[in-house]
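The block underneath contains the structure these notes are about, expressed in structure tokens.
The values are calculated or read from the model by the stated rules, or taken from the named source; none is laboratory data. If you're wondering where the values come from, they're calculated on a predicted model, not measured in any experiment. Cβ atoms come from the backbone with ideal geometry, glycine included; neighbour counts cover every protein chain shown.
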Amino acid sequence: MTRSRIALLVSVSLVLFLTGCATTPPRDQDNVCNIFRENPRWYDHARASERRWKTPIAVQMAFVQQESSFRARARPERNRILGIIPGRRPSSARGYAQAQDPAWSDYQAATGNRRARRSNMADALDFIGWYNDVSHRRLGLAKNDAYNLYLAYHEGHTGYQRGNWRNNRQLQSIARRVDNLALTYQRQLNACESDFHCRRWYQFWPFCR
């Protein structure tokens with residue numbers, strides 16, 4: 001086989017590999033069952049985070065939908081200078097969970113997961129679980145209280161304690177949407193979650209419930 005042909009095969013393989021690694025947002029984001037059918041590994045990641053941090057899967061997924069619409073490399077829009085020239089982004093938020101640099105650094109230090117990436121769903125869901133665990137311990141918020149957990153997530157723990165959100169009707173409306181979406185996801189998950197158990201050849205009942 002000639003070098004040129006080998007180089008072509010390597011190039012094609014690389015393109016296919018990168019294409020396969022790319023994850024497009026789910027088509028039906030209103031139904032968590034369909035989201036997991038498109039991306040079954042996401043269920044595994046959400047379940048692992050739930051087991052570790054006790055935030056329900058439905059709450060985790062509602063946070064991700066609100067924050068990034070399931071886009072791995074989501075970032076806030078840049079501010080516009082004179083309405084035309086792209087300026088700085090309003091925050092360092094990025095990835096599925098839209099985690100900002102300080103919170104992400106705290107998460108990495110607390111968990112020892114220095115290789116965690118915000119564009120990786122497993123890491124993003126683990127971050128959400130960790131952050132809500134801190135909210136539970138510092139603020140006394142229940143881990144199924146998506147409304148208040150989201151306010152603390154958006155405002156930070158100190159901001160939540162100060163009550164910065166009390167006069168922010170837009171933020172309260174968003175938090176209610178997250179809460180309602182979490183409730184919807186939970187109802188849907190109640191009907192379909194068994195579909196995602198024991199689906200791999202090495203998983204078998206009762207060890208994978």
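Listed here are the residues, each with its yes/no results for (1) in contact with a Lys or Arg (Cβ under 8 Å, 6 or more places away or on another chain); (2) surrounded by fewer than 15 Cβ atoms within 10 Å (Cβ to Cβ); (3) closer than 20 Å to Glu50 by Cα.
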{"residue": "Thr111", "(1), (2), (3)": "no, yes, yes"}
{"residue": "Asp123", "(1), (2), (3)": "yes, no, yes"}
{"residue": "Ile128", "(1), (2), (3)": "no, no, yes"}
{"residue": "Asp133", "(1), (2), (3)": "yes, no, yes"}
{"residue": "Tyr153", "(1), (2), (3)": "no, no, yes"}
{"residue": "Thr158", "(1), (2), (3)": "no, yes, no"}
{"residue": "Asn167", "(1), (2), (3)": "no, yes, no"}
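Being in contact with a strand residue (DSSP E or B) (Cβ under 9 Å, 6 or more places away or on another chain) and touching a residue at least 60 places away in the same chain (Cβ under 8 Å) is the filter; apply it to the range 119-171 and report the residue that is nearest to Tyr43 (Cα to Cα).
Ala124
Where in the range 1-102 are there helices (runs of 4 or more DSSP H), lying wholly inside it, with at least 2 residues that are crowded, with 19+ Cβ neighbours inside 10 Å and modelled with pLDDT of 60 or more? Even if it seems obvious, please write down each step before you answer.
Values: elements: 3-21, 32-38, 40-53, 57-68.
Per the criteria, 32-38, 40-53, 57-68.
Out of everything in the range 123-151 that is among the small types (Gly, Ala, Ser) and part of a loop (DSSP other than H, G, I, E, B), what residue ends up being farthest from the chain's Cα centre (by Cα)? It would help to see each step written out before you state the result.
First, pick out the residues of the range 123-151 that are among the small types (Gly, Ala, Ser): 124, 129, 135, 140, 142, 146.
Pick out the ones that are also part of a loop (DSSP other than H, G, I, E, B) and you get 140, 142.
Values: Gly140: 22, Ala142: 19 Å.
Here the residue is Gly140.
Test Asn120 against the criterion of being closer than 22 Å to Asn180 by Cα, modelled with pLDDT of 95 or more and under 18 Å from the mean Cα position of the chain (by Cα), and give yes or no.
Values: closer than 22 Å to Asn180 by Cα: no; modelled with pLDDT of 95 or more: yes; under 18 Å from the mean Cα position of the chain (by Cα): yes.
So Asn120 does not fit the description; no.
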